[in-house]
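The values are calculated or read from the model by the stated rules, or taken from the named source; none is laboratory data. Predicted model only: the values in this text are computed from it and were never measured. Note that each Cβ is placed from the backbone with ideal geometry, even for glycine, and that neighbours are counted across all protein chains shown.
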Amino acid sequence: MSKQNKAAATKGGQFGAVVIALLALSIFVNYVDRGNLATAAPLIRSDLRLSNAEYGLLVSAFFWIYAPGQIVAAWLVQRINAYRTLSIGLAIWSAATVASGFANGFALLLLFRVLLGIGESAGFPASSKLLAQHLSPERLGKANGLVSSGIFLGPAVGTFLGGLFIAHAGWRLLFIVFGAISFLWLIPWVMSTRVLSAQARASAIAEPPFRELLSSRQLWGASLGHFCANYPLYVVLSWLPLYLVKSQGFSIAAMARLGGVVYGLATATCLAGGWLADRWIATGAATSRVRLTMICAVGLAWFASMMVCALGSAPFAIVGLVFSALPMGLAGFNLYTIAQTLAGPRAAGKWMGIQNAIGNLAGIVAPVVTGMLIDWTGRYTLGFLVAGVVGVAGAGSWFLLVRRVEPIGWSAIQPEIATAPAY
């Protein structure tokens, strides 16, 4: 190794455990900030006099821009690299979170939710590009388990601490304080990745065009499967606090505790599942078999969980919600691991942009449809039933369209990218 390369390595020029941990922290911050609305929903609805349909629109408004924003983020990853794209995105979503604390009506809060979606759209295209570029397929489970754990650890901490926070300080200060804290992530990220970012710009390789990705059967199968896995997840993320408080009579503090338990279990499942998947492959199991078995189990588990919640009584609701931690955790890392494996280092950013855009259309549809069903029936039962059916339908897309989880050969041979040392 030359003196210059040694110096770069000591100044943050190596993709390793620190960068992966910061990627995980960014997703954690991402989900804390987007989940503030759901945590504070009982107070916001009363303060701003929102109907169920208006609340559903506020939740889905985030996804109006977040879903198509994935494509723009994937383009930015190619143009300015993943490191800088993630920095810009986090700065935007942190500012939008702080601003939400000053909203004085439905329209202004709606605007800030859209801005939040613009910033947060950078998260997964950037992180998936970096993981696929630096890690081999058989090591993606553990890394994605760590990064994706933020999807659930964020709501766990946000629901628990946020619920306790608003009980004493109100919902406005929740947004202001949490958004200000989010900005702090930029300091270690810029310090740790400055050299890596410069190296990425200097060694950028050509990516397959969007039209080539869109011709892939596997991309459409994975995107549909992602949508079906996300639909029940977003029903839980957006309606869990209101369901427990308004339908089951929980106090805000009790709601925060149960929500924290559910998301905490999902975090543990995500971390353990990622480790188990890589260990299973290391024993000789085919990568495709491991990934497809786990992702198809997600749909079955969502169906069972939502059916139990639909029974209506408080004990069944608790059991169903606690069990929902299983499909949450298993989906969390498998969706991204499969995408990164299929796309490979060259196409992971664009692939994840497209798949996450389609998958997160569920964030637009699920909150609004659920709100309309609640307003129509006066109960949450039908909303849970629909979520369960959509969840189990996803298994078919993995079997019928994806079929095998293995790298796709894109046009134009490019130089091989070395993977980072084990961490």
Got a sec? Which helices (runs of 4 or more DSSP H) wholly within the range 148-237 have at least 3 residues that are in contact with a strand residue (DSSP E or B) (Cβ under 7 Å, 6 or more places away or on another chain)? none
Of everything in the range 316-337 that's surrounded by fewer than 24 Cβ atoms within 10 Å (Cβ to Cβ) and among the aromatic types (Phe, Trp, Tyr), which residue is nearest to Gly260 (Cα to Cα)? Phe323
Just the residues that are among the small types (Gly, Ala, Ser) and on the phi < 0 side of the Ramachandran plot, please, taken from the range 332-351. Gly332, Ala339, Ala343, Ala347, Ala348, Gly349
If we keep only residues of the range 362-416 that are in a loop (DSSP other than H, G, I, E, B), at pLDDT 85 or above and among the aliphatic types (A, V, I, L, M), then the residue surrounded by the fewest Cβ atoms within 10 Å (Cβ to Cβ) is Ile408
Given the options Leu57, Leu90, name the one that is crowded, with 18+ Cβ neighbours inside 10 Å, modelled with pLDDT of 80 or more and farther than 14 Å from Ser127 by Cα. Leu57
Selection over the range 264-294 where residues are touching a residue at least 24 places away in the same chain (Cβ under 8 Å), closer than 17 Å to Ala395 by Cβ and either outside any helix (DSSP H, G or I) or polar (S, T, N, Q) (or both) yields a count of 1
Can you confirm whether the range 290-308 contains a residue that is surrounded by fewer than 17 Cβ atoms within 10 Å (Cβ to Cβ) and among the polar types (S, T, N, Q)? yes
Between residues in the range 130-146 that are part of a loop (DSSP other than H, G, I, E, B) and residues that are surrounded by fewer than 23 Cβ atoms within 10 Å (Cβ to Cβ) and modelled with pLDDT under 85, which pairs lie under 8 Å by C-beta distance while being six or more apart or on different chains? Leu135/Thr419; Leu135/Ala420; Ser136/Thr419
Residue in the range 10-21 that is more than 30 Å from Tyr243 (Cα to Cα), at pLDDT below 80, in a helix (DSSP H, G or I) and over 20 Å from the mean Cα position of the chain (by Cα) present: yes
